[in-house]
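One structure is given here, and the rest of the page talks about it.
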Amino acid sequence: MKEQGSSPRVRKALLADLSAILEIDSLSDPMSWTGDAYRAYLSDLPGTCGLVVSDQAGIWGFAVARRVGDELEILKIAVHPQRRGQGLASCLMEELEKTARSWGAPAWILEVRESNEAALALYRKFGLEIRGRRPGYYADQGEDALLMTGVLPASRLND
């Protein structure tokens with residue numbers, strides 16, 4: 001079992017982080033991705049972003065996103081169950097917001113399970129709102145996906 005270390009920091013994800021990302025994903029999502037699915041986001045391909053949040057004890061969370069038109073699309077964001085509720089997902093969201101600004105993307109978009117109350121609260125905190133629904137999107141339980149979008153506030157867009 002990992003123990004908490006120093007203050008967490010967010011950094012670019014590397015291929016060397018893949019095993020930790022896969023572990024966190026498998027603990028967080030019944031429809032976890034394969035290593036091959038993550039490789040593009042752990043490279044330097046333009047318009048892709050992979051991040052991890054870590055401390056001295058290890059990697060505790062990750063996020064992957066891509067640029068689609070003028071939006072940053074958040075594809076995955078997850079935090080290890082032992083460290084949920086400690087602000088690590090907010091740290092990742094703050095860094096994704098910086099990435100969106102650096103790409104000149106004034107908006108972001110994502111899909112989230114309707115039952116994921118913690119994620120919904122996080123995304124609302126960052127200004128995303130529910131704009132649509134995909135019925136039965138999550139095949140493992142037939143659960144709906146909620147489509148959320150948000151525009152970065154101009155005051156933060158130009159930071």
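Each reported figure results from applying straightforward, stated rules to the coordinates on display, with no laboratory input. All of these numbers come straight from a predicted model, not from anything done at the bench. Neighbour counts are summed over all protein chains in view; Cβ atoms, including those assigned to glycine, are modelled from backbone coordinates with ideal geometry.
Numbers below:
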item	result
Extension gain, residue 39 back to residue 14 (0.36 nm per residue minus Cα-Cα distance, nm)	8.1 nm
Residue of 20, 139, 40 that the Gaussian network model of the chain assigns the largest fluctuation, springs spanning Cα pairs under 10 Å	139
Straight-distance crosslink candidates among aspartates and glutamates, where the alpha carbon sits under 18 Å from residue 98 and sequence neighbours closer than 8 are dropped	44, 70, 71, 73, 159
Quarter of the Cα convex hull surface for the stretch 5-64, i.e. its orientation-mean projected area (nm²)	4.0 nm²
Given (i) 26, 17, 15; (ii) 22, 20, 16; (iii) 33, 18, 14, the label whose value is semi-axes √(5λ) of the Cα gyration tensor in Å derived from this model	(ii)
Distance (nanometres) between label positions extended 7 Å along Cα→Cβ at residue 70 and residue 121	3.4 nm
Residues 77, 130, 59 arranged by fewest to most Cβ contacts within 10 Å	130, 59, 77
Segment residue 141-residue 26, length gained on full extension (0.36 nm per residue, minus Cα span)	39.8 nm
Leading residue at positive end of dipole, the chain (Cβ point charges), from 21, 123, 37	123
Cα-centre dipole for the chain with unit charges at Cβ (Lys and Arg positive, Asp and Glu negative), debye to 20	340 debye
Mean ellipticity per residue at 222 nm, deg cm²/dmol - from DSSP H runs of n ≥ 4 across the chain, formula -39500 (n - 2.57)	-7500 deg cm²/dmol
